[in-house]
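The values are calculated or read from the model by the stated rules, or taken from the named source; none is laboratory data. Note that the coordinates shown come from a computational prediction; the quantities given were computed from them, not determined experimentally. Using ideal geometry, Cβ is built from the backbone for each residue, glycine included, and neighbour counts are taken over all protein chains shown. For the accessible areas, the whole protein counts, side chains as well, though only heavy atoms, and no ligand, DNA or RNA atoms are used. Shrake-Rupley method; radii C 1.70, N 1.55, O 1.52, S 1.80 Å.
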Amino acid sequence: MPSQNDSPQDNRERDLACREIYAALRGQFKGDLLRPSNQGYEEARTIWNGMFARQPGLIARCADVRDVQAAIRVAAETRILSAVRCGGHSLAGFSTCEGGLVIDLSRMREVKVDPNSQQARVAGGCLLGSIDTATQKEGLVFPSGVVSHTGASGLILGGGTGWLTRRFGLSCDNVEAFTLVTADGSVVRAIAKENEDLFWALRGGGGNFGVVTEFELKLHPLKSVVLAEGLTPEPNIRQVLECWRDLMADAPFDLKWNLDLRLAPQKQRVPAQLRGRPVAGSSLVWTGAPEDAHRYFERAFALCHPDSVYSRTMSFLELQTMADSDFPHGRRYYTKSGYFKYLDNVTIDHFLAALATIPSPETQIELTYLGGAAGQIAANETAFGDRGSPFITNLLANWQDPSADRLHISWIRLLFQKLRPAMTPGVYVNFMSGDEQDRVPEAYRQRWERMVAVKTHYDPGNFFCLNQNVRPQKKA
Ligand SMILES: Cc1cc2nc3c(=O)[nH]c(=O)nc-3n(C[C@H](O)[C@H](O)[C@H](O)COP(=O)(O)OP(=O)(O)OC[C@H]3O[C@@H](n4cnc5c(N)ncnc54)[C@H](O)[C@@H]3O)c2cc1C
């Protein structure tokens, strides 16, 4: 992994460098500069994944583009290890670092919506919730993720999947322009016809190329959806997986059906007889005409025998926040992910066996089906790449007690090892953990050389190294 340890500096050197950066920025910086002794530092240093309780030497909370430029220029001179943070939801913990600099964009959260052109300008520190709230005032949506406290920048730059992916494409497919500060402190705009290589690489390439300070987004009209949820216990879980696999292959773009294999939560809305038992949780979202929803929901549920079903029309804002409390800040999380072209019976056997030994009530095997509008874009059109393997699994361990780290991490690794032979090569960078640097070329496959060329051009010294890192080519 590129990293905390690749940096040429040890902790004492990093501390000296942070003092230098602090002194250099102090007179010109409009935002906040937080050293470990400053009030507000403790809160500012935490990120969502409690596995990464690191102590940066300086947090530069930028107020505007000039602050970002100044922080990058000064940091690049000292070669300090630097992390970039929007929402702090990196599963891999990339948005913090030990002893180094954090370029924090959380003060840059402006969203400007133009209802006439159905476009928005979104600052680089926005959370998904800030975009949804602003766009919904005009009855518009931007397709993004399913938890509103996730940062928009990290999500969009990696690709961005969510409830609207099948209807409107990935988040990155709906970006019309990026404005970013590159490693030499310049401001660059990338659009389809200007800096095309960079525009291509930013749609899926993560934080490798610079700090994005503004996204120009394409929006779509939508105010509400129909949601149905069902819980299916054994002995019908295999049937759910088969039914989901077969139905989604020809489903309309308006239907998104996500599955979670997990222990049924101890929640009031879950029937008492199911709580704590292994279940397949189905969440179906219909974005088309509401009267058509039930035809598909009934077909799905008739085949997979849920014990508990619930359906209703809900506002888009409610949909976007309904999972917020399931993924709280500060718990410990570990993930591994991959694609399948088809879910064969052996793969389903592995899922079922793993579900029977799941080590925590919050851990889940997430299954989602891409296709739809996202699947219509050719593999080489964006860095995100091959969309031809529509089944995505994300194995997400979620626990509280640090002494149980090994148990949860090894459960995920073992399951991943078993699933791996049936997976098609490829991985979504935003669902990778921090120990998978060897899989980064796999994420880009035939696009790898172009990614390296763009990285070498815009960040030859690998200043932006805390990400699923594309290393620049060394000078001959
Ligand atoms: C609770 C939760 C729910 C999620 N749900 C979804 C989902 O529905 N769909 C989905 O696709 N993914 C989802 N993810 C994964 C998510 O896309 C990634 O974790 C993403 O990195 C989060 O973005 P962030 O801005 O919060 O991350 P941060 O931790 O702030 O940043 C992560 C990395 O992104 C880069 N970065 C951040 N901001 C910038 C910027 N302005 N310019 C350049 N680079 C930047 C940096 O490399 C940084 O290390 C979820 C993650 C969590 C924790």
Select the strands (runs of 3 or more DSSP E) contained entirely in segment 197-308, then report the ones holding at least 1 residues which are hydroxyl-bearing (Ser, Thr, Tyr), in contact (Cβ under 8 Å) with a residue 60 or more places away in the chain and touching a Gly at 6+ places or on another chain (Cβ under 6 Å). 211-218
Need the failing condition index for Ile21 against (1) crowded, with 22+ Cβ neighbours inside 10 Å; (2) within 11 Å of the ligand (Cβ to nearest atom), just the number. (2)
Being without any contact (Cβ under 8 Å) to a residue 12 or more places away in the chain, acidic (Asp, Glu) and open to solvent by less than 70 Å² (accessible area, probe 1.4 Å) is the requirement here; does Asp32 meet it? no
Could you tell me which numbered condition Arg189 fails, if it satisfies all but one of (1) closer than 30 Å to Arg66 by Cβ; (2) open to solvent by less than 10 Å² (accessible area, probe 1.4 Å)? (2)
Of the conditions (1) within 14 Å of the ligand (Cβ to nearest atom); (2) within 27 Å of Tyr458 (Cα to Cα); (3) in contact (Cβ under 8 Å) with a residue 24 or more places away in the chain; (4) surrounded by fewer than 24 Cβ atoms within 10 Å (Cβ to Cβ), Gly129 clears all except one; give me its number. (2)
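Here is a yes/no grid of residues against (1) in contact with a His (Cβ under 8 Å, 6 or more places away or on another chain); (2) open to solvent by 30 Å² or more (accessible area, probe 1.4 Å):
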| position | (1), (2) |
| --- | --- |
| Asn236 | yes, yes |
| Trp244 | no, no |
| Asp250 | no, yes |
| Phe253 | no, yes |
| Trp257 | no, no |
| Arg269 | no, yes |
| Ser282 | no, no |
Select from segment 423-453 the residues that are open to solvent by 40 Å² or more (accessible area, probe 1.4 Å) and more than 12 Å from the ligand (Cβ to nearest atom) and list them in ascending order. Pro425, Asp435, Asp438, Pro441, Arg445, Gln446, Trp448, Glu449, Arg450, Ala453
State yes or no: is Glu43 modelled with pLDDT under 95, assigned to a helix (DSSP H, G or I), open to solvent by 50 Å² or more (accessible area, probe 1.4 Å) and not basic (Lys, Arg)? no
Can you name the condition, by its number, that Ile47 falls short on among (1) β-branched (Val, Ile, Thr); (2) under 15 Å from Val211 (Cβ atoms); (3) within 10 Å of the ligand (Cβ to nearest atom)? (2)
Hey, can you tell me all the residues within segment 307-324 that are touching a Pro at 6+ places or on another chain (Cβ under 9 Å) and not charged (D, E, K, R)? Ser308, Thr313
Give just the number: which of (1) farther than 24 Å from Pro460 by Cβ; (2) open to solvent by less than 10 Å² (accessible area, probe 1.4 Å); (3) among the polar types (S, T, N, Q) does Thr150 not satisfy? (2)
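Listed here are the residues, each with its yes/no results for (1) in contact (Cβ under 8 Å) with a residue 24 or more places away in the chain; (2) of a type in the set (Ser, Thr, Tyr).
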{"site": "Cys86", "(1), (2)": "yes, no"}
{"site": "Arg121", "(1), (2)": "yes, no"}
{"site": "Gly124", "(1), (2)": "yes, no"}
{"site": "Ala134", "(1), (2)": "no, no"}
{"site": "Gly154", "(1), (2)": "yes, no"}
{"site": "Thr165", "(1), (2)": "yes, yes"}
{"site": "Gly185", "(1), (2)": "yes, no"}
{"site": "Ala190", "(1), (2)": "no, no"}
Return yes or no: is Tyr296 aromatic (Phe, Trp, Tyr) and open to solvent by 50 Å² or more (accessible area, probe 1.4 Å)? no
I'd like to know if segment 112-122 contains one or more residues that are over 20 Å from Leu25 (Cα atoms) and open to solvent by less than 10 Å² (accessible area, probe 1.4 Å). yes
Candidate set: segment 60-100, residues that are outside any loop (DSSP other than H, G, I, E, B) and among the small types (Gly, Ala, Ser); chosen: the one surrounded by the fewest Cβ atoms within 10 Å (Cβ to Cβ): Ala76
With the requirement that a residue be out of contact with any strand residue (DSSP E or B) (no Cβ under 8 Å at 6 or more places or on another chain) and within 18 Å of Tyr342 (Cβ to Cβ), what does segment 402-424 give you? Lys418, Pro421
Please name all residue pairs, on different chains or six or more residues apart, with Cβ atoms under 9 Å, provided the first residue is in segment 456-467 and is at positive phi and the second residue is among the basic types (Lys, Arg). Asn462/Lys455; Asn462/Arg471
